[in-house]
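Asks: Below is one structure. I have some questions about it.
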Amino acid sequence: MSFLALDIGNTRLKWAQYASAHPKAALLSQGAEFLENIDKLAEGPWHGMPVPKQVLGCVVAGDTVRRRVQEQMEHWEVVPQWVVASESEAGLRNGYDHPSRLGADRWVAMVGAYHRMLSQGAPLPMVVVMVGTAVTVEAVDAEGKFLGGLILPGHGIMLRALESGTAGLHVPTGEVREFPTNTSDALTSGGTYAIAGAVERMVQHVRSHCGAEPKCIMTGGAGWKMAPSMTRPFELVDNLIFDGLLQMAQRRFSSVAAS
Ligand SMILES: Nc1ncnc2c1ncn2[C@@H]1O[C@H](COP(=O)(O)OP(=O)(O)O)[C@@H](O)[C@H]1O
Ligand SMILES: CC(C)(COP(=O)(O)O)[C@@H](O)C(=O)NCCC(=O)O
Ligand SMILES: [K+]
């Protein structure tokens with residue numbers, strides 16, 4: 001009866017198995033694999049897993065990776081569904097010029113964030129930050145309209161770009177400091193505050209556009225690294241994408257999920 005949620009980013013595949021396709025369903029098992037290890041899912045972490053009844057995922061790592069993951073599910077005879085961002089789904093409306101060109105992970109994370117915010121009280125505008133390979137900073141109004149968002153390089157990409165574009169920046173990872181006094185700390189702090197600064201600008205944009213203080217919510221594999229350096233309180237959520245996939249799955253599979 002179980003439901004398998006998949007979040008395939010540019011660095012890692014994250015998976016979570018739930019008792020059913022419902023936001024309140026019990027989490028049965030979960031894991032994460034770097035993309036170089038995804039060809040061993042069936043013989044590794046997924047070996048002996050009860051056959052899921054439904055699979056819903058989002059993938060931004062390209063068609064080859066998606067096919068490699070599908071191969072790991074062939075013995076299950078379940079047809080996975082992959083989210084494509086649309087004009088509207090699960091209470092969200094998509095303000096992108098070309099809605100389907102919005103990264104599926106961004107769309108799903110916003111759905112998760114929106115329902116989380118609604119469950120906590122009166123509707124508020126939101127800033128949704130996802131810190132993964134790349135960093136995305138989304139603006140959503142209190143009615144669930146995605147207004148637009150920023151894409152920035154993540155920590156790793158920023159460091160690699162600086163290393164490859166200069167002669168003198170090959171140093172170990174440093175600490176975040178207000179006034180860095182060595183190259184390692186200068187690089188680490190520069191990247192962290194570049195992200196924090198971009199987020200702060202988006203908070204200002206949302207506040208003046210919506211006329212209300214936004215709820216700020218952050219997720220992604222490197223979210224914990226950013227949390228202490230933000231200029232305002234952020235709710236750090238383990239995986240907004242799984243929350244969003246459960247919301248979408250409940251609506252997409254409702255007739256079967258009820259049985
Ligand atoms: N235990 C960890 N394993 C992998 N990446 C981690 C870990 N902790 C932090 N990270 C950071 O998180 C980023 C990957 O986050 P993730 O959400 O998996 O990205 P994506 O969704 O783009 O694949 C990496 O850039 C890495 O710096
Ligand atoms: C922005 C992203 C690269 C983020 O990827 P991630 O860091 O999650 O691996 C991904 O959402 C993507 O490829 N988006 C398509 C372009 C867009 O959203 O405009
Ligand atoms: K991601």
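Asks: Can you spot a residue in the range 211-226 that is among the aromatic types (Phe, Trp, Tyr), within 16 Å of ligand 2 (Cβ to nearest atom) and in the same structural domain as Arg116 (by TED's automatic domain parsing)? Write out each step before concluding.
Replies: Going residue by residue through the range 211-226, those that are among the aromatic types (Phe, Trp, Tyr) are 224.
In the following step, the residues that additionally are within 16 Å of ligand 2 (Cβ to nearest atom) were identified as 224.
With in the same structural domain as Arg116 (by TED's automatic domain parsing) added as a condition, the list becomes 224.
Checked the range 211-226: at least one residue is among the aromatic types (Phe, Trp, Tyr), within 16 Å of ligand 2 (Cβ to nearest atom) and in the same structural domain as Arg116 (by TED's automatic domain parsing).
Asks: Sticking with this structure for a sec: Under 6 Å between Cβ atoms, which residue pairs at least 6 apart in sequence (or on different chains) link something in the range 48-72 that is within 25 Å of Arg101 (Cα to Cα) with a partner that is part of a helix (DSSP H, G or I) and small (Gly, Ala, Ser)?
Replies: Leu56/Ala249; Cys58/Ala104
Asks: Kindly provide the set of residues from the range 213-225 that are within 16 Å of ligand 3 (Cβ to nearest atom) and more than 10 Å from Val129 (Cα to Cα), ordered by number.
Replies: Selection gives Gly221, Ala222, Trp224, Lys225.
Asks: Now for a separate question. Within the range 109-129, is there a residue that is charged (D, E, K, R) and within 17 Å of Ala85 (Cβ to Cβ)?
Replies: So far as the range 109-129 goes, no, none of its residues is charged (D, E, K, R) and within 17 Å of Ala85 (Cβ to Cβ).
Asks: Just checking, does the range 98-105 include any residue being within 16 Å of ligand 3 (Cβ to nearest atom), farther than 26 Å from Met126 by Cβ, in contact with a strand residue (DSSP E or B) (Cβ under 7 Å, 6 or more places away or on another chain) and in a helix (DSSP H, G or I)?
Replies: Going residue by residue through the range 98-105, those that are within 16 Å of ligand 3 (Cβ to nearest atom) are 102-105.
Filter once more, so that each one left must be farther than 26 Å from Met126 by Cβ: none.
No.
Asks: Would you please name the residue that is nearest to ligand 3 (Cβ to nearest atom), looking only at residues in the range 138-160 that are outside any strand (DSSP E or B) and in contact with a Gly (Cβ under 7 Å, 6 or more places away or on another chain)? Give the derivation first.
Replies: From the range 138-160, those outside any strand (DSSP E or B) are 141-144, 154-160; that's our starting set.
Filter once more, keeping what is in contact with a Gly (Cβ under 7 Å, 6 or more places away or on another chain): 144, 154-155, 158-159.
On the way: Gly144: 21, Gly154: 10, His155: 14, Met158: 17, Leu159: 19 Å.
The selected residue is Gly154.
For (1) modelled with pLDDT of 95 or more; (2) of a type outside the set (A, V, I, L, M, F, W, C); (3) not in a loop (DSSP other than H, G, I, E, B), each residue gets a yes or a no:
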{"residue": "Leu56", "(1), (2), (3)": "yes, no, yes"}
{"residue": "Ala61", "(1), (2), (3)": "yes, no, no"}
{"residue": "Val65", "(1), (2), (3)": "yes, no, yes"}
{"residue": "Arg68", "(1), (2), (3)": "yes, yes, yes"}
{"residue": "His75", "(1), (2), (3)": "no, yes, yes"}
{"residue": "Ala85", "(1), (2), (3)": "yes, no, no"}
{"residue": "Arg93", "(1), (2), (3)": "yes, yes, yes"}
{"residue": "Tyr96", "(1), (2), (3)": "yes, yes, no"}
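Asks: Identify the residue in the range 73-125 that is of a type in the set (Val, Ile, Thr) and surrounded by 19 or more Cβ atoms within 10 Å (Cβ to Cβ) and, among all such residues, is farthest from Gly48 (Cα to Cα).
Replies: If we take residues in the range 73-125 being of a type in the set (Val, Ile, Thr) and surrounded by 19 or more Cβ atoms within 10 Å (Cβ to Cβ), then Val111 is farthest from Gly48 (Cα to Cα).
Asks: Which residue pairs have Cβ atoms closer than 6 Å, lie 6 or more positions apart in sequence or on different chains, and pair a first residue in the range 130-146 that is at negative phi and charged (D, E, K, R) with a second residue that is within 16 Å of ligand 1 (Cβ to nearest atom) and not in a strand (DSSP E or B)?
Replies: Glu138/Met110
Asks: When Ala227 is evaluated against the numbered criteria (1) outside any strand (DSSP E or B); (2) modelled with pLDDT of 95 or more; (3) among the aliphatic types (A, V, I, L, M); (4) within 16 Å of ligand 1 (Cβ to nearest atom), which criterion, by number, is the only one it fails?
Replies: (2)
Asks: Step by step: first the residues of the range 22-53, then only those that are more than 16 Å from ligand 2 (Cβ to nearest atom) and touching a Lys or Arg at 6+ places or on another chain (Cβ under 8 Å), then the one that is farthest from Val108 (Cα to Cα). Which residue is that?
Replies: Asp39
Asks: Another question, then. All but one of (1) within 17 Å of the chain's Cα centre (by Cα); (2) outside any strand (DSSP E or B) hold for Val135, so report the exception by its number.
Replies: Every listed condition holds for Val135 apart from (2).
Asks: Quick check on the range 178-198. Is at least one of its residues in contact (Cβ under 8 Å) with a residue 60 or more places away in the chain and farther than 21 Å from Ser119 by Cβ?
Replies: Start the filter on the range 178-198 by keeping residues that are in contact (Cβ under 8 Å) with a residue 60 or more places away in the chain, which leaves 195, 198.
If we keep only those that are farther than 21 Å from Ser119 by Cβ too, we end up with 195, 198.
Within the range 178-198 (the criterion being in contact (Cβ under 8 Å) with a residue 60 or more places away in the chain and farther than 21 Å from Ser119 by Cβ), the answer is yes, since at least one residue qualifies.
Asks: Which of (1) over 19 Å from the mean Cα position of the chain (by Cα); (2) in contact (Cβ under 8 Å) with a residue 60 or more places away in the chain is the odd one out, the single condition Val83 does not satisfy?
Replies: Against the list (1) over 19 Å from the mean Cα position of the chain (by Cα); (2) in contact (Cβ under 8 Å) with a residue 60 or more places away in the chain, Val83 comes up short only on (1).
The values are calculated or read from the model by the stated rules, or taken from the named source; none is laboratory data. Here the structure is a predicted model, which means the values were calculated and not measured. FYI the Cβ positions are ideal-geometry reconstructions off the backbone, even for glycines, and counts take in every protein chain you see.
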